[in-house]
Amino acid sequence: MQDVFIVSAARTPVGKRNGYLRAKVPAELLGSVLDEVVDRAGIDPGLVEDVINGTVYQVGEQGFTLGRNAVFASKLPDTVPGTSVNRQCGSSLTAIQMAYGMIASGTFDIAIASGIEIMSKFPIGSDVGGTLPDGRPQGQAFGEFYMKRLAGKEFYNQGQAAQAIAKKWNITRLECEQFAVSSHAKAHQATQGGYFKKEILPTKGLDAEGKEIMVDKDEPIRPDTSLEKLATLKSALGTEMITAGISSPVTDGASAMLLVGENKLKALNLKPLARIRANAVVGCEPELMLTGPVYATPKVLSKAGLSMADIDIFEVNEAFAPIPLAWAKELNAPMDRLNVNGGAIALGHPVGNSGCRLSVTAIYELIRRNARYALVTLCTGGAMAPATIFERV
């Protein structure tokens, strides 16, 4: 097994719902990011042996094999294949892990891992419903088999699962709102300080009037978020405490990174940003569904031979505020190292894109801080969680 390095990484600014990316063709948006990571690395595009892409709602323009269609929309030659993977919100972190495995084993030398989701066009549930060609209903993904796994427990949607997690870990709505205010404040400070500048690929889109603009900052951040404003929001998703203010908003975005094996890195004299120290993925209880990071974190730390104290930056996706808060309580995590530049509550959660986006952000923050280790993990639909540890080199 050889070490695997990240040589380049980039992302688009995250677009708010029906924001600047609302009209983008997904393959074309992803293709621009593929070109960017190849250009930043300065390699022959033909050396890329696969594009492994994470997308959750693989329908319509995001259907077929988006990884391959993005190749056609990029400057990469026809000889570069592509594929798409769906591990729900962990899809593009899984894409990184898959690329790692292929390169570490010696099957590939160079690959791109990526993620994209245009939720303005394909919101949550876009793959539900519809009919078969003969007119029969397509049916639902969760059948009797899933209810048997619940063993008589209640079937929760994700908001209800987040509320159940809050209750289990004794997390209040006020704690969640304080966390949300902090997320927006940190993301705004990072933006004003230029912390995201190196990772962001300025991207063309449309303003509210439909005129073409160039965007270089994340759209969803609300620096005026306050406890007073959050307290006025009504609960949603059939819950008593989960509001839009403590949930990740519907957003759009794409990201990618170029991974290279140690042997090819030396042969091409490439300078890496980071290497992958360890990977893990877990399944968890289907009722609570979103607790995976609690279990994925110790597993990936064990694989790396590290402890919580060794990690400089934790990126735990803020699908809902109770998720990172429960993770922190259970693992006694230092809050000053958690989502240091804000998280998905402020920056958005384009579901298939988030794993790669978090990883890109974590790597650049390691470099900015001259720190060593970052741990990235996300809860997912279907009760799972991938986790990866990156090491600055």
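Between D78 and M1, what is the label-point separation in nm under the 7 Å Cα-to-beta-carbon projection?
The answer from the label model is 3.8 nm.
Let me have the relative contact order for the range 137-236, percent, based on Cα pairs under 8 Å that are six or more residues apart. Spell out each step's value before the answer.
Details: 44 pairs, mean separation 23.8, N = 100.
Reported relative contact order: 24 percent.
I need C176, C89, C284 ordered by Cβ neighbour count within 10 Å, fewest first. Spell out each step's value before the answer.
Numbers: C176 25, C89 31, C284 20.
Lowest to highest Cβ neighbour count: C284, C176, C89.
For R136 and M214, what is the calculated FRET efficiency with R₀ set at 35 Å and r taken between the beta-carbons, to the nearest 0.05? Before the final figure, lay out the partial values.
Working: r = 47 Å, r/R0 = 1.35.
The pair R136/M214 has a calculated efficiency of 0.15.
Compute the signed sum of charges (Lys and Arg +1, Asp and Glu -1) over the other residues within less than 13 Å, Cβ to Cβ, of A383.
Details: positive: R87, R149, K153; negative: E285, E287.
Net local charge, A383 excluded: +1.
For A267 and D224, FRET efficiency with R0 = 41 Å and r from the beta-carbon atoms, rounded to 0.05?
On the way: r = 51 Å, r/R0 = 1.25.
The computed FRET efficiency comes out at 0.20.
Could you work out how far apart the two model spin labels at Q192 and T232 are, taking each label as a point 7 Å from the Cα in the direction of the beta carbon, and quote it in nm?
Output for this residue pair reads 2.3 nm.
Is it possible to state the helix-based mean residue ellipticity at 222 nm for the chain, with each DSSP H run of 4+ residues giving -39500 (n - 2.57), the sum divided by total residues, to the nearest 500 deg cm²/dmol? What is it?
Numbers: 12 runs with 130 residues, N = 393.
When only DSSP H runs of four or more count, the value is -10000 deg cm²/dmol.
Using alpha-carbon pairs under 8 Å, 6+ residues apart, how would you state the relative contact order of the range 63-205 in percent?
Numbers: 58 pairs, mean separation 12.1, N = 143.
RCO, the range 63-205: 8 percent.
Let's test this: bin the Cα-Cα distances of the range 253-393 at 5 Å from zero up to the farthest pair and state each bin's percent.
Final binned percentages: 2, 10, 20, 24, 21, 13, 6, 3, 1, 0.
Past 18 Å, Cα to Cα, is the threshold; run K153/K329; K186/K271; K16/K121; K197/K271; K168/K299 against it and keep the listed order. Don't skip to the answer; put the middle values down first.
Details: K153/K329 25 Å; K186/K271 30 Å; K16/K121 12 Å; K197/K271 20 Å; K168/K299 22 Å.
In this structure, K153/K329; K186/K271; K197/K271; K168/K299 exceed 18 Å between Cα atoms.
Relative contact order for the chain: what percent, with Cα pairs under 8 Å and sequence separation of 6 or more?
Numbers: 950 pairs, mean separation 109.9, N = 393.
Averaging sequence separation for qualifying contacts and normalising by length gives 28 percent for the chain.
To the nearest 0.05, how large is the calculated FRET efficiency for M335 and D310 if R₀ is 22 Å and r is the Cβ-Cβ distance? Could you put the intermediate results ahead of the total?
Working: r = 17 Å, r/R0 = 0.77.
The computed FRET efficiency comes out at 0.85.
Step by step: find N for the range 208-250, compute 2.2 N^0.38 Å, then divide the Cα radius of gyration by it. What's the final number? Walk me through the intermediate numbers first.
Details: Rg = 14.4 Å, N = 43, 2.2 N^0.38 = 9.2 Å.
Here the Cα radius of gyration is 1.57 times the empirical estimate.
Looking at the P(r) of the chain, how many percent of alpha-carbon pairs lie beyond 36 Å? Walk me through the numbers before you get to the answer.
On the way: 14063 of 77028 pairs.
Counting pairs separated by more than 36 Å, the tail of P(r) holds 18 percent.
Please report, in debye to the nearest 20, how large the charge dipole of the chain is about its Cα centre when each Lys and Arg carries +1 at its beta carbon and each Asp and Glu carries -1 there.
Working: 40 positive and 40 negative charges, 108 e Å.
With Lys and Arg at +1 and Asp and Glu at -1, about 520 debye.
Quick one: go through the range 5-42 and flag any residue whose amide nitrogen is under 20 Å from the point 7 Å out along the Cα-to-Cβ line of D207.
Inside the label zone: 13-24.
Under the rule a/c < 1.5 gives rounded, and otherwise a/b versus b/c splits prolate from oblate, where does the range 1-121 land using the Cα gyration tensor? Don't skip to the answer; put the middle values down first.
Working: a/c = 1.80, a/b = 1.52, b/c = 1.18.
Note, shape of the range 1-121 comes out prolate.
Find how much the distance from Y146 to S302 grows on full extension, using 0.36 nm per residue of separation minus their present alpha carbon separation; answer in nm with one decimal.
On the way: separation 156, 0.36 × 156 = 56.16 nm, distance 3.06 nm.
Residue separation times 0.36 nm, minus the Cα-Cα distance, leaves 53.1 nm.
None of the figures in this text is laboratory data; all of them are computed from the coordinates on show. Remember, predicted model here, so these are calculated numbers, not experimental data. Positions of Cβ are generated from backbone atoms using ideal geometry, with glycine treated the same way; all protein chains shown enter the neighbour counts.
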